[in-house]
Each structure stands twice: as C-alpha cells, then as structure tokens.
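Following: one structure in structure tokens, then a few remarks.
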Amino acid sequence: YSLEVEYWPILDPTGLGENRDAKLASYRQARDQIKERLIERFGPPTEMI
C-alpha cells in the first residue's frame, strides 16, 4: 500500500511540571497543538445534523 505520512511535532507532556497546575498547563498545550494541526489539515469542524 502506498501512503503519505505526516509528522506533527507535538509536545510530550509526560513528566512535565512540578505541581498540578503546571502539569495541566502542559497537557492543555499539547491538546491545543493537536487541535491546531487538525484544523490546519482538515478545516474547522462542521455542525452535524
């Protein structure tokens, strides 16, 4: 099979942050990076009926 692989460098939040708030911030940053990449690649979400 022929396929194209896209590499998305995303922050790995595992082990980052000294306290709960810092850890949550790292995971939120990774979430936001993934969301931005998905929107760039596929466009904004559409409403399903």
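Of note:
- Under conditions of 25 °C and 0.890 mPa s, the chain yields 189 µm² s⁻¹ as its translational diffusion coefficient, taking Rh as the Kirkwood radius over Cα pairs in the Stokes-Einstein equation.
- Among ASP12, ASP32, ASP21, residue whose mean-square fluctuation peaks in a GNM of the chain (springs only between Cα atoms under 10 Å): ASP21
- What you get for the chain, charging only the Cβ of Lys and Arg (+1) and of Asp and Glu (-1), is a dipole of about 180 debye around the Cα centre.
- Helical content of the chain, expressed as a calculated mean residue ellipticity at 222 nm, amounts to -16500 deg cm²/dmol (DSSP H runs of 4 or more residues, -39,500 (n - 2.57) each, divided by residue number, nearest 500).
- Between 0 and 90°, nearest 10: helix 20-42 axis offset from the chain longest Cα axis: 10 degrees
- Rounded percent of accessible protein surface that carbon and sulfur make up, the chain, 1.4 Å probe: 55 percent
The values are calculated or read from the model by the stated rules, or taken from the named source; none is laboratory data. This one's a predicted model, so the numbers in the text were calculated from it and none came from an experiment. FYI the Cβ positions are ideal-geometry reconstructions off the backbone, even for glycines, and counts take in every protein chain you see. Calculation scope for accessible area: heavy atoms of the full protein, side chains included, ligands and nucleic acids excluded. Shrake-Rupley method; radii C 1.70, N 1.55, O 1.52, S 1.80 Å.
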